[in-house]
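One structure is given below, encoded as structure tokens.
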Amino acid sequence: MSAHGSSVDGSELGQLARFAVSPARRRKDRIARGSILAGTVIALIPLVLIVYYLLRKGLGAWSTSFFTTDPTGNTFFGGSNIGGIKSAILGTIEIVALASAIAVPIGIGVAIWLVEYGKGSWFAQTVRFFVDVLTGVPSIVFGLFVYIVLVVGTGSTYAGYKGSIALSLLMLPVVIRSAEVILLLVPAALRESALALGAPRWRVIFNIVLPTALPGMITGVLLAVARAAGETAPLLFTAAATLKTNFNLGGFMNSLPVQIYKDVTSPTTAVVNRAWGAALTLVVMILLLNLIARLIARRSRLA
Amino acid sequence: MEAASIPGGERSILERSPLSRLPDRALKLGLTALAALILALIVYFFIRLVGQARPAFAKEGVFGFVLGNDWNVSAEHFGALPLLVGTLITSALALLIGVPVAVASAVYATELCPLRLRAPLTILVELLAAVPSVVYGLWGIFFLAPKLQGAEQWIADRLSFVPFIGGGLVTIPNYFITGLVLAIMILPIVSAISREVMSTVPADHKEAALGLGATRWEMIRLAVLPYCRSGIVGGAMLGLGRAIGETIAVTILIGDAPKLGDHLFAQGYSLAAVIANEFGEAQGVHRSALFAAGLVLFVLTLLVNGIARVLVVRAARSSSSNGGGQTTSAAGTLADAAVGA
């Protein structure tokens, strides 16, 4: 991207400097570099520990029945009849799929407006500011919003689609910002040549700009999906939790993060082990999304 | 765009019938409406949240709610000070522990590390961002907290003469362990933004420092860090915003005790945790008080994120005036992306 320290060819300078640098300064340099390296190593320790523990505990909980049975709720005595996480996996997939179906078109639409129409106008700046505001809102507050509007407001109870809406609010700013960045990278010359050939604006957008930006936008979308999939707080008072597998987004719906949260607070070892297994499942799903996002980003001609 | 007619008198292919111009108008109108929808949505949410929080504020008074040191559900007293203090202590700890480590890893990745290691190192630090909050909570409470309890007790005993830190009995869930896990959680954002800002430092500055005989560390201290200061502070503030709003990991780790913990290793509560933990069975004023807690949390994160954004944007602008144009705009936008990812 830009020139880093590596562009300084240190060998000759280093030779010269060696004469000038006093032992005290050299010692200080060594100590400082040592502590920077130590800081980096410290930064990596938690990752190693988390991955190690997730694998050790999580793999122990995995089995065929773990993925094919619903949690039974019969957790008091522990043992083998506590069930698996089938409803949680399916619930997470459904809720996140609907959330993406809501957030992605709206988010990309707003990004297109910002780049193609709004540009630097005051209205566009205001929209950007509010998108930034959305980015900073804690996820539990999104849960409260959706609760106020869709649970209190309609006088009804929790439902899977309400969780999806909470997650889509969470995804929106990520989708908008990443799509905007990519759309800005589409060369102006491409747009101008299409316009010069007489294409109307909407065809320029749909036939030229969007296809060029597509891979980059998919990356942003997948990262947003990965973020939403791991969220617990917005689902607690919107989709609630249930035991049974439920394909109807209008009813209560289980999800992996909520199931893990419920299981963590259990005093029974078997249930906590199920939480580890579910956590490993969730992390694997999120990492896969991240991996795909990275691969697509690498293929993209932009950025 | 208005078509020029061709001298022959035929209709130009550039000229469009009003009907074919319709999709253009519709698209522009539709997209503008979408953008306006975002604004309307946030304003609407804010108003509704204030409306729901009003009964609690009416009962306790705004200051009574925020600064009252008494959160007693059964007696219907709702003073959120213990929650606010819990949020602030844990987030401050997260910054104290997380930012130096994050900045060190960013300095190492951009200035000291062999080129070949740079990409893997970056990816590893960013992997931390892929771990969901609830998994941090699970790992923290079943692995980290029990493992560190002995060490914490040792520190508490040694520092028993220091108020607020030592002397007490260390519980497994406590402020310190919450702050520590939050530090791990904000590490990837702070590190990513610091790295982006550091990569915009002009090579001239660094070469000049080295050319004058500075050691590597002196170069970092004199050329790199001052140049990135506001960017790093902005990144730290974004991390702070994250830490303040973090819910599930905190709920699991802080112990959910609705009182002011009297020392660093005591159980406490936070604004976000109280909502997650009590909302399910809350009724009446209690529920309204939880909405009020959400409102305080919302305003707090707005303030912190607002300051952070000003700092990050200023950092990007100051470096672009130094001729780093393309890279810095990328840094600014990447910083935005990092906030989300």
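All of the numbers you see were taken from the coordinates with simple rules; none came from a lab. Remember, it's a predicted structure, so these values are computed and weren't measured experimentally. In this analysis, Cβ positions are derived from the backbone assuming ideal geometry, glycine residues included, and neighbour counts consider all displayed protein chains.
See the values below:
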item: Nearby lysines by direct alpha-carbon distance to A:K28 (threshold 20 angstrom, same-chain neighbours under 8 apart not counted); result: B:K206
item: Fewest-first sequence of A:T265, A:T281, B:T32 by Cβ atoms within 10 Å of each Cβ; result: A:T265, B:T32, A:T281
item: Helix-only mean residue ellipticity at 222 nm for chain B, each DSSP H run of n ≥ 4 adding -39500 (n - 2.57), per residue, nearest 500; result: -23000 deg cm²/dmol
item: Percent of C-alpha pairs per 10 Å bin, chain B, short to long; result: 5, 20, 24, 21, 15, 8, 4, 2, 1, 0
item: Chain A: DSSP helices with Cα axial extent of at least 30 Å and average Kyte-Doolittle hydropathy no lower than -0.5; result: A:23-61, A:86-112, A:160-185, A:269-299
item: Longest exposed-site-free window of chain B, the sites being GluC sites (Glu not before Pro) in a DSSP loop that have at most 16 other C-beta atoms within 10 Å; result: B:77-341
item: Placed amide H near A:G83: partners under 5 Å, 5+ positions off or other chain; result: A:T72
item: Three-way shape label, chain A, alpha-carbon gyration tensor, a/c 1.5; result: oblate
item: Distance violations [Cα-Cα > 24 Å] among A:K162/A:K262; A:K119/A:K162; A:K162/A:K244; A:K86/B:K147; A:K86/A:K262; result: A:K119/A:K162; A:K86/B:K147
item: Helix-only CD estimate at 222 nm, as mean residue ellipticity for chain A, using -39500 (n - 2.57) per DSSP H run (n ≥ 4); result: -22500 deg cm²/dmol
item: DSSP H segments from chain B that extend 30 Å or more along their own axis, Cα-based, with Kyte-Doolittle mean of -1.0 or above; result: B:18-60, B:81-107, B:175-198, B:284-320
item: Over 38 Å [Cα-Cα, the protein assembly as shown], rounded percent; result: 38 percent
item: Amide H contacts of B:W71 (H built 1.01 Å from N, under 5 Å, at least 5 apart or other chain); result: B:G79
item: Using a Förster distance of 51 Å, the FRET efficiency for A:T269-B:A75 (Cβ separation, nearest 0.05); result: 0.90
